[in-house]
Structures are given as structure tokens and as C-alpha cells.
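Heads up, the thing below is written out as C-alpha cells.
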Amino acid sequence: MKVVLLAGGLGSRISEESIFRPKPMIEIGAMPILWHIMKEYAAYGHTDFIICAGYKQEYIKQWFANYFLQTSDVTFDYTHGKNEITIHQNHTEPWKVTVVDTGLNTMTGGRIKRIQKYVGNEPFFMTYGDGVCDVDINKLLAFHNSHGKKATLTAVKLKQDKGILNIGGDNAVKSFREKNISDGAPINAGYMVLESAVFDLIEGDQTVFERDPLEKLVEQGELMSYIHEGFWQCMDNVREKEMLEKLWATGNAPWAAKWDKARSAE
């Protein structure tokens, strides 16, 4: 199955970094967060990617154009007046990557609509290019196939960081406890599985996927949620970037556990 990644937004909430490159190309451990997401999917055997680019889309194309050489041992031989290149060994993942310029100001739904011809009439994965998690991709797919609906999204509950107060009618505090993950409202974490029929719900470039299309799916009873109780974290600001960097640097990145295990078994 193809994996569609939204990577075209301005990333204005992390402008300290996105002024130089698209938000999905901001690095965690010297590699773009987009690469981390792709590694997640590849660990479950899904290696055909379609990237919906927009803002600074040339940066994404250039990065992938150079990726093969950057991950290879190369000899450049000029001794015979030619530029002879010999690839001795490369460490590039066996991926197929299609980068599509979906427009600078196109909304999320419009970006998805623009890559319809690359997806065809098949179901596909879709997620955002700025968040990592340790969801079991194949269990997500199996859940989607089991219910027969048009769309599945992954829902997570964010752990809250404030205490819970039980306040009586006289305004006296009756009890106090720390919040836990069960207190949070579920949110859409992305990591979706969509049937091709979803394309018909998108009118054009200005369609925000999270509004009309998803709301129509709800009205039709065609949207299901896959509850993920593990790790998920987006990268909306510098603080969250630094948190992900720390997890990576200390070897405690939950999203990498699956593909780290596969790598160590090689």
C-alpha cells in the first residue's frame, strides 16, 4: 500500500526552524522527522511513499536527490579526464519516493486530492509529516479491513500535566490527584487508512481535510478510530523538537524501537 505524507505547510509555529526548510525536514538526530516517519512505515513493509510537498518543496526534492550519494561509499575518479563515479556500498533504504508539488497555499484536503492520480483506486495510508509514534501499522491496517468503513484514524489520549481537584459545593477541595492519560480527550494523531472513495469528498484546493471530508465521513458513519495507547508526539514547537532530540540522543526513542530491532538482527 502507498503511504501519503502531508509535508507542504508553512510550519509557522516553529518558524525558528521552518524559515530555512519545510517543517517535515527539521532534523531529529541529524535526519529529517519525515525520514523517521518513513522508517516507521518501512519497518512494517510499506515502502511506497507519496510526499505532498508545498512550502520550500524544492528542499525536499533536493534532499532525496542527494540521499543515495550521501548514504554511499563513493569513489570519484578524475585521472582520465572524466568524472567516473564508482559506488562501492550504499546504505539507502529500498524505498520508492514520489515528491509532488501540491501548491504553496493548498489546504490539507486539496493536497490529498492532488495526488489522487498517483494513488489510483486503492486504499492508502495517510499521515502528517511532523509527528512520530510507535503504533503497530499492520494492526491498524487489520482493524481498518475488519470494519469495512471508508476511513480509520488513529486516536491517542495526551497525558495531562495538571492536577485534578475534586471541589465540593462549598468550594472546599475534597481531594487531589495527579492527572493521568485517561483524563485526556482523544485527539486525531493522523496515521490514517483511507479508501479511495474519500477523494470524492474533497472539492478542491481550499478543502481542509479535517473539516468537511472528515465531518461527512462521521455523518455517513464511515469513520472509525483505532485507539493507540502507546507513544505519540508531534513537533509543533522548539520545545517539542528538543524533547524528541533528547529521546533520540539517549537511545530512548519509542518510535524507533521496531526498526532498531530489525536493524540489529541484520
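Observations on the structure shown:
- Looking across 85, 51, one residue alone is at pLDDT 95 or above and of a type outside the set (D, E, K, R). It is 51.
- Within region 210-234, the set of residues being among the charged types (D, E, K, R) and surrounded by fewer than 12 Cβ atoms within 10 Å (Cβ to Cβ) comprises 219, 229.
- Within region 54-72, the set of residues being modelled with pLDDT under 90 and not in a helix (DSSP H, G or I) comprises 71, 72.
- Breaking point among (1) of a type outside the set (Ser, Thr, Tyr); (2) at pLDDT below 90; (3) touching a helix residue (DSSP H, G or I) at 6+ places or on another chain (Cβ under 7 Å), for residue 109: (2)
- For region 13-53, a tally of residues being β-branched (Val, Ile, Thr), surrounded by fewer than 22 Cβ atoms within 10 Å (Cβ to Cβ) and assigned to a helix (DSSP H, G or I) returns 1.
- Total residues in region 60-84 satisfying the condition of being under 21 Å from residue 21 (Cα atoms) and of a type outside the set (Val, Ile, Thr): the figure is 10.
- Residue 86 meets the conditions (1) outside any helix (DSSP H, G or I); (2) of a type in the set (Ser, Thr, Tyr); (3) surrounded by 13 or more Cβ atoms within 10 Å (Cβ to Cβ) in every case but one. The failed one is (3).
- Among the residues listed as 149, 96, 117, the single one being surrounded by fewer than 20 Cβ atoms within 10 Å (Cβ to Cβ) and without any contact (Cβ under 8 Å) to a residue 40 or more places away in the chain: 117
- Whichever residue in region 99-114 is surrounded by 15 or more Cβ atoms within 10 Å (Cβ to Cβ) and among the aliphatic types (A, V, I, L, M) and, among such residues, is farthest from residue 45 (Cα to Cα): 107
- Qualifying residue in region 8-28 (condition: of a type in the set (D, E, K, R), under 24 Å from residue 112 (Cα atoms), touching a helix residue (DSSP H, G or I) at 6+ places or on another chain (Cβ under 7 Å) and in contact (Cβ under 8 Å) with a residue 40 or more places away in the chain): yes
The values are calculated or read from the model by the stated rules, or taken from the named source; none is laboratory data. Just so you know, these numbers come straight off a predicted model, no measurement behind them. Every residue, glycine as well, gets a Cβ built from its backbone with ideal geometry; the counts of neighbours run over all protein chains shown.
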